[in-house]
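**Q** Can you read through this structure? Questions will come right after.
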Amino acid sequence: MLKPASEVDDDHPESDDGKGGRSLGRILIGEPDPSLVRFGGLVVAGELTRALDLQGRIDEQLSLERRARPVKVRRRGASPAQLVLALAECQLVGGSFFSDLEEVRSDEAGARLRIVSEIPSAPAALQRAKQFRRVHCQRVERALADAGHELDRRLGRERSMELFTIDLDATQIEVYGRYKQGAARNRQGQLSYAPHIAFWAQTGRALCGELVGGNREKLTGQECARIARRAISLLPQGHPPQGRGPLCLRIDSAYYQIELLNALRAERACFTVSVPRSQAMWKALAQIPEEAWQDALEMPSAQVAEITYTPQGWKAEPLRLIVRRAVFSAAQIARLKGSRRLKTIHPDQLQLALDREIDSVYGYSFTLTDIHCQPAAWIEHFHRHRAQAEERLKDAKLGQALRHLPSGDEHANRVWLTAALTALNLTALCCDVSPAAGASVGPDVEPQRRHAKTLRNLIFCIPLRIVRTARRLILRPPAGYRHRKILQDTLDAIHALGP
């Protein structure tokens with residue numbers, strides 16, 4: 001039996017610790033408190049997904065799939081939707097492996113607050129994840145997109161006339177172990193996977209993803225077109241090709257394929273694509289007169305010019321080739337030795353700068369586009385902001401658990417990728433409604449977005465004590481928690497969405 005604090009002090013007199021304080025004496029760990037929730041902040045994600053019926057949407061989409069054997073649904077235990085949401089929930093609080101499900105599962109006091117109350121064990125979750133196929137993950141993506149569109153509708157942010165922008169990018173995820181199904185050696189010789197993910201830039205949400213081996217960071221034109229069509233199909237009903245406004249894809253140089261550009265033209269979508277530096281680009285650059293250069297937007301010491309260009313295999317009208325140049329001094333070049341930025345400099349000019357025969361040179365970037373209604377400086381500035389996709393990828397790898405793929409089974413890793421994108425989208429949805437992220441009422445105000453780690457420390461990983469009184473459920477945070485009002489306002493905003 002635990003003694004009162006006064007008796008403990010009497011048995012173990014306080015002694016000076018040499019730093020002006022007093023020793024605490026013998027410290028004992030008491031019995032667990034059944035009313036204390038370890039991850040109490042998950043109530044925000046739980047209430048939001050219940051308001052949008054995300055679990056029901058995923059299960060409904062999976063029930064419609066006929067291209068593969070359905071994922072087994074058991075009388076007891078988690079449904080396929082609950083499995084994906086449980087993995088996403090685990091990642092929201094910092095889980096990095098299937099085994100981390102046990103940490104969330106052991107929090108029995110918070111079961112009613114979470115997205116999934118009955119979380120499967122780690123071995124069961126891994127075994128169930130292996131039953132998923134690519135088409136099942138695509139159904140989850142459809143459900144996530146529908147839930148996001150529903151939230152936009154309830155918040156009055158149905159983007160009727162603005163630009164729809166899709167950013168397509170890839171990343172490398174190094175994996176370890178003797179056998180990783182589907183993984184391959186990348187250019188650096190590392191065993192890895194290469195997820196290709198399409199993001200809706202205006203919302204910060206992931207639309208779709210594809211998991212391939214690390215040696216396939218550059219896909220074929222048909223594969224690129226397939227991913228682009230999937231992303232476009234996940235935009236709201238009546239999306240831009242049906243007349244609600246322009247649709248544009250911002251594409252990295254790894255996706256510079258004529259088949260992709262032709263597919264986008266067929267989908268009535270415009271594009272801006274980075275073009276790899278080649279002899280054709282250097283030849284086109286030589287045709288630009290000096291007086292054609294103008295200052296770039298929001299980029300000091302950079303200039304922009306344009307010229308018409310028709311790539312090989314393009315049958316439509318000539319395209320605009322937007323060229324940006326930035327000055328590099330000889331001192332900067334010496335500091336950038338081995339950097340990828342040096343590849344932007346013409347090889348002949350680079351050698352002269354390295355030999356100190358000239359003081360400065362230009363580095364060039366090339367962007368191809370079929371947008372004809374905007375000036376060159378605007379297009380270059382717009383395309384430069386495709387770096388938002390890299391920020392979202394970084395958040396998925398550092399904030400969520402996409403920094404590795406933990407299973408040796410390719411199907412389980414694909415489910416892990418889907419769960420990471422689900423967690424990423426849940427943080428974006430929370431930012432849409434949460435005052436903590438600067439969300440503002442009104443259709444014309446874009447919400448500010450916080451990183452996953454910030455939201456974890458701000459909301460998700462906060463312990464709460466459950467108190468029931470007068471038919472009300474009260475969640476009491478610990479003393480010193482500075483964001484109680486933010487948590488309350490976020491829950492109030494979610495409840496205001498209605499059922």
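**Q** Under 30 Å from Ser274 (Cα atoms) and of a type in the set (Val, Ile, Thr): is that true of Ile166 in this structure?
**A** Spelling it out, Ile166 is indeed under 30 Å from Ser274 (Cα atoms) and of a type in the set (Val, Ile, Thr).
**Q** Shifting gears a bit: Based on what the data block shows, is Gly213 over 26 Å from Pro318 (Cβ atoms), surrounded by fewer than 22 Cβ atoms within 10 Å (Cβ to Cβ) and of a type outside the set (Phe, Trp, Tyr)?
**A** yes
**Q** Also: Consider segment 191-213. How many of its residues are modelled with pLDDT of 95 or more and either polar (S, T, N, Q) or assigned to a helix (DSSP H, G or I) (or both)?
**A** Of the residues in that region, 1 qualify.
**Q** Regarding segment 346-357, can at least one residue be identified that is more than 24 Å from the chain's Cα centre (by Cα) and either of a type in the set (Gly, Ala, Ser) or modelled with pLDDT of 90 or more (or both)?
**A** yes
**Q** Still on this structure: Under the condition of being surrounded by fewer than 20 Cβ atoms within 10 Å (Cβ to Cβ) and modelled with pLDDT of 95 or more, which residue from segment 410-444 is nearest to Leu87 (Cα to Cα)?
**A** His411
**Q** Quick one: which residue in Asp33, Asp59 is more than 20 Å from Ala401 (Cα to Cα), charged (D, E, K, R) and assigned to a loop (DSSP other than H, G, I, E, B)?
**A** Result: Asp33 is the single residue among Asp33, Asp59 that is more than 20 Å from Ala401 (Cα to Cα), charged (D, E, K, R) and assigned to a loop (DSSP other than H, G, I, E, B).
**Q** Please find, within segment 53-112, the residue that is surrounded by the fewest Cβ atoms within 10 Å (Cβ to Cβ) out of those that are closer than 23 Å to His451 by Cβ and touching a Phe, Trp or Tyr at 6+ places or on another chain (Cβ under 8 Å).
**A** Ranking the qualifying residues of segment 53-112, first place goes to Val93.
**Q** Now, a different point. Which ones in segment 461-484 are in a loop (DSSP other than H, G, I, E, B) and either surrounded by 12 or more Cβ atoms within 10 Å (Cβ to Cβ) or not hydrophobic (A, V, I, L, M, F, W, C) (or both)?
**A** Once the filter is applied, which keeps residues that are in a loop (DSSP other than H, G, I, E, B) and either surrounded by 12 or more Cβ atoms within 10 Å (Cβ to Cβ) or not hydrophobic (A, V, I, L, M, F, W, C) (or both), segment 461-484 yields Cys461, Ile462, Pro463, Arg471, Pro477, Pro478, Gly480, Tyr481, Arg482, His483.
**Q** Check segment 485-498 and report whether any residue there is of a type in the set (S, T, N, Q) and either at pLDDT below 90 or in a loop (DSSP other than H, G, I, E, B) (or both).
**A** Taking every residue of segment 485-498 in turn, none turns out to be of a type in the set (S, T, N, Q) and either at pLDDT below 90 or in a loop (DSSP other than H, G, I, E, B) (or both).
**Q** Further, regarding this structure: Which count do you get for residues in segment 256-272 that are β-branched (Val, Ile, Thr) and either surrounded by fewer than 19 Cβ atoms within 10 Å (Cβ to Cβ) or touching an Asp or Glu at 6+ places or on another chain (Cβ under 8 Å) (or both)?
**A** 1
**Q** Residue check: is Ile322 under 33 Å from the mean Cα position of the chain (by Cα) and either buried (at least 17 other Cβ atoms within 10 Å of the Cβ) or without any contact (Cβ under 8 Å) to a residue 60 or more places away in the chain (or both)?
**A** Yes.
**Q** Next up: Can you tell me which residue within segment 381-401, out of those that are within 9 Å of the chain's Cα centre (by Cα) and hydrophobic (A, V, I, L, M, F, W, C), is farthest from Arg69 (Cα to Cα)?
**A** Ala389
**Q** Could you list, in sequence order, the residues of segment 285-303 that are of a type in the set (S, T, N, Q) and free of Cβ contacts under 8 Å to residues at least 60 places away in the same chain?
**A** Once the filter is applied, which keeps residues that are of a type in the set (S, T, N, Q) and free of Cβ contacts under 8 Å to residues at least 60 places away in the same chain, segment 285-303 yields Gln287, Ser301, Gln303.
**Q** Also, quick follow-up: I'd like to check something: does segment 368-384 contain any residue that is surrounded by fewer than 22 Cβ atoms within 10 Å (Cβ to Cβ), of a type in the set (D, E, K, R) and closer than 30 Å to Arg482 by Cα?
**A** Among the residues of segment 368-384, not one is surrounded by fewer than 22 Cβ atoms within 10 Å (Cβ to Cβ), of a type in the set (D, E, K, R) and closer than 30 Å to Arg482 by Cα, which makes the answer no.
The values are calculated or read from the model by the stated rules, or taken from the named source; none is laboratory data. The structure presented is a predicted model; accordingly, all values stated were derived computationally and were not measured. Glycine gets a Cβ as well: all are built from the backbone with ideal geometry, and neighbour counts include every protein chain shown.
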